[in-house]
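The values are calculated or read from the model by the stated rules, or taken from the named source; none is laboratory data. Because the structure is predicted, anything quoted here is derived from the model rather than measured. Neighbour counts run over all protein chains shown; Cβ positions are idealised from the backbone, glycine included. Just so you know, the surface numbers come from the protein's heavy atoms only, side chains and all, with ligands and any DNA or RNA stripped out. Shrake-Rupley method; radii C 1.70, N 1.55, O 1.52, S 1.80 Å.
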Amino acid sequence: MDLLLSGGPVLVAILLISLYAVYLFFERLLKLSRERLEADTLMNRVNAAVRNRDLEMALAACDRHGGPVARVLKAALMRLPYGRSAVEAAFQEASLEEEQRLTRGLRPLATIAQIAPLLGLLGTVTGMIIAFAEISNRGTGDPAALADGIGQALVTTAAGLIVAIPVVIGQSFLANRVDHILLEIERRREELMGNVVQVVASRKEERREEPRADVAPTSANPT
């Protein structure tokens, strides 16, 4: 309580944004921890279904698996009947939506990390203003008169840094997890598109060979 009183309203503001930062960090950490990232089993099922030209089986595998990779793959697979360009567009759109969903809350954390030291600096300035006001009123003969202003200046500066440093670390940690998920999505995207290209090429080759198989050999005319 003495610290709160010495820090003034600026310290109260720093404490409030620190509580909000703690809430954001653990909320996003819990959200990202629940996202299923391991996708080897999913890709095996999806690739097998694509090779067998069984779209329903591929979509069902995505629904059962869940997670950001499965959501992006499902959005792309639903556009598979419309051609490769439609699949690429669906991949791009779904990836952007997933990125927005995963990065939600990271920008406020970055903003808090920038604001906290500035609030500490504001407390320092206001504390020094109070201290000089006391000097002008009472003179320099009473050091106790400067205690309130100097105390506010020091406490708010320290509080701003104490809040900003952990928030920067936490925001960087969450951002690295998001980047890892987005990289996994991009890797699985390339894997699926390569498989789709192979299936389309094999289908074209089968269509070319079908007329040749249907043509009966001509018998030689007797002379």
The stretch 25-40 - residue that is loosely packed, with under 15 Cβ neighbours inside 10 Å and part of a helix (DSSP H, G or I) and, of those, farthest from the chain's Cα centre (by Cα)
ASP40
Pair list, Cβ under 9 Å, 6 or more apart: the stretch 87-113 residue free of Cβ contacts under 8 Å to residues at least 24 places away in the same chain, other residue acidic (Asp, Glu)
none
Give ALA76, ALA21 a once-over and let me know the one that is open to solvent by less than 70 Å² (accessible area, probe 1.4 Å) and at pLDDT 90 or above.
ALA21
Are there any pairs, at least 6 apart or on different chains, whose C-beta atoms fall under 9 Å, with the first in the stretch 167-180 and open to solvent by less than 20 Å² (accessible area, probe 1.4 Å) and the second outside any helix (DSSP H, G or I), and if so, which?
LEU174/GLY105
